[in-house]
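So the structure is just underneath, and the comments pick up after that.
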Amino acid sequence: MDTPSHFGMGKGRDNAVTGTNNLPSHDALNNSNDQSHNHAVMSSENQEFTADGTVNRAPGMKLSNDGLEIQGLDLQNLVAEDVQTILSGIVDILNDPDQQDTFLTANCANPLPTLNLLQVLLDRGDLLPSHRSALMLALTRLAKLTACYPDSLILSGIQRIGENPVAGGGHADIWKGNLNTSCVAMKVLRIFKHSGREKALKDLCHEAVIWRQLKHPNILPFLGVFKGDGSFDHLCLISPWMDGGNVIEYLKRNPDVHRLPLLTDVLNGLAYLHSFQTPVIHGNLIGVNILVTPSQNACIGGFGQLRFQDYLDYLEDTSDNRIGPLRWQAPELLFTHGETAQPSTETDVYSFGCLCLELMTGKPPFSEIRPGGAVIRAIVNRKKPKRPSEDLRDRGLDDNLWSLMTECWDYDPKRRPEIGTLLEFFENRKELTSEPKIFRG
């Protein structure tokens, strides 16, 4: 099936339970809130005037002449100063680990009002970086603990296209759909065991709430969560459909395209993720997770393994702490002396070096090694991917770039280049590639 892959998935395979009837119902988990998750508008339509003079800013939040109303919370008649007071008070609580745990535990029984409040506060444009980081972490923890997400994430009116998924990977299938007049990609998590239903919903909520906070030209936009309907009983994460597909497919169709501008796009997206006060780690930076926009720019997708650096404990079940495909993973994630692997900005940099090689050659790292334990042994024995024998200078791979890639693969994470160093190198090199990108669809 030669169709674009979205969210960073390969071709579809296997049969798995994916319907919402096989997951704990999001509403059922929160039936104490009668208003939970009955809203559905796309983020681009979140500002809407109603007959009573209300401006609907987002589902779960509305600003009228009577004041600010957040669904499930009695916050009418608040003015900006009141919101700032609430923000300051919540941030003070969240900055104390013990108080944060107490706060989140107290809200687990009825999490939606707090989830809605945290999201409304995060949507403010004037947040200090420290405040944004604290709110994001708290929102993510509460969503993961309760398998819930804010009401403002919900979409409706999506129509599935076709009877089968167009792509898939080990943990999700991708369907194509329509939202109004726009094509969208619909990501449905796979569930292979009955016991995995609740965990799958928690994973989906965790991915959704982090992805919802990310806004950058080189990050795949998140449109929302679709709970399914009578014709499509699946819980989905929704993003725009990219006709260009993933970057591997794009380069197969356009082999003469210079790789450096695409890699620079990826670096800009990665730098954005790492720029949060508590860095957001991608954890799965491989070719199929890089999508090509209509303007032939690269954007990062494949957010199933997003997490915050140094906050692995909030994921609860660290025994099932998945990492990405082995060939792209840093040695410290594969050989940890019994400790839990800790993805970091440095492991993302290692993976970026592997991505450079993948885009230059069209092959995965260590392509000369057969799948299996031999790949792991090579990585933990400090072997680095081999330089391709063919001359790829026309694609951008020269001695200078190869030297930088090998630095990304340094066995010592602290010796790998900083994102800023990588960006400076690629931005300077991109200026030398004046040829336009060619797009053949």
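The values are calculated or read from the model by the stated rules, or taken from the named source; none is laboratory data. For clarity, every value in this text was computed on a predicted model and none was experimentally measured. Glycine gets a Cβ as well: all are built from the backbone with ideal geometry, and neighbour counts include every protein chain shown.
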When residues of the stretch 123-172 are limited to those that are hydrophobic (A, V, I, L, M, F, W, C) and surrounded by fewer than 17 Cβ atoms within 10 Å (Cβ to Cβ), the one nearest to L112 (Cα to Cα): L128
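Is there a residue in the stretch 160-171 that is among the β-branched types (V, I, T) and closer than 30 Å to T278 by Cα? Before the answer, list the steps.
Initial filter on the stretch 160-171 (among the β-branched types (V, I, T)): 161, 166.
Then keep just the ones that are closer than 30 Å to T278 by Cα; that gives none.
Within the stretch 160-171, not a single residue is among the β-branched types (V, I, T) and closer than 30 Å to T278 by Cα.
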Single residue of the stretch 178-199 satisfying the filter (among the basic types (K, R) and more than 21 Å from S152 (Cα to Cα)) that is surrounded by the most Cβ atoms within 10 Å (Cβ to Cβ): R190
One residue from E424, E368, E407 being surrounded by fewer than 21 Cβ atoms within 10 Å (Cβ to Cβ) and over 25 Å from P279 (Cβ atoms): E368
Pair list, Cβ < 9 Å and 6+ apart or interchain, from the stretch 269-292 residues that are without any contact (Cβ under 8 Å) to a residue 12 or more places away in the chain to residues that are surrounded by 19 or more Cβ atoms within 10 Å (Cβ to Cβ): S275/I419
Verdict on H216 being under 17 Å from V280 (Cβ atoms), free of Cβ contacts under 8 Å to residues at least 60 places away in the same chain and within 14 Å of the chain's Cα centre (by Cα): yes
Contacts under 6 angstrom Cβ, first residue in the stretch 138-149 being within 8 Å of C205 (Cβ to Cβ), partner buried (at least 24 other Cβ atoms within 10 Å of the Cβ) and of a type in the set (V, I, T), 6 or more apart: A143/V209; Y149/V209
Answer from L214, L142, L204 - the residue that is farther than 20 Å from V288 by Cβ and not acidic (D, E): L142
Qualifying positions in the stretch 367-412 - of a type in the set (G, A, S) and in a loop (DSSP other than H, G, I, E, B): S367, G372, S389, G396
Checklist (1) modelled with pLDDT under 95; (2) at negative phi applied to H337, failing item: (2)
Output for the stretch 154-189, where each listed residue is touching a Leu at 6+ places or on another chain (Cβ under 9 Å) and of a type in the set (A, V, I, L, M): L155, I158, A172, L179, V184, A185, M186, V188, L189
The listed residue being over 23 Å from L115 (Cα atoms) and either in contact with a Cys (Cβ under 7 Å, 6 or more places away or on another chain) or assigned by TED's automatic domain parsing to the domain that holds Q309 (or both), out of K176, K187: K176
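Do you know which of the residues in the stretch 340-355 that are modelled with pLDDT of 85 or more and not in a helix (DSSP H, G or I) is surrounded by the fewest Cβ atoms within 10 Å (Cβ to Cβ)?
In the first step, residues of the stretch 340-355 are kept if they are modelled with pLDDT of 85 or more; the result is 343-355.
The next check asks that each one be not in a helix (DSSP H, G or I); those that pass are 343-344.
On the way: P343: 25, S344: 21.
Taking the candidates together, the pick is S344.
Only one of these is in contact with a Ser or Thr (Cβ under 8 Å, 6 or more places away or on another chain) and among the aromatic types (F, W, Y): F232, F276. Name it. Let's see the steps before the verdict.
Working: F232 fails: in contact with a Ser or Thr (Cβ under 8 Å, 6 or more places away or on another chain).
The conditions single out F276.
Just need a number here: residues in the stretch 287-319 that are under 18 Å from the mean Cα position of the chain (by Cα) and either more than 22 Å from T361 (Cα to Cα) or modelled with pLDDT under 90 (or both). Full working, then the answer.
If we filter the stretch 287-319 for residues that are under 18 Å from the mean Cα position of the chain (by Cα), which is where we start, we get 287-293, 297-312, 314-315.
With the extra rule that they be either more than 22 Å from T361 (Cα to Cα) or modelled with pLDDT under 90 (or both), the set shrinks to 303-312, 314-315.
Qualifying residue count for the region: 12.
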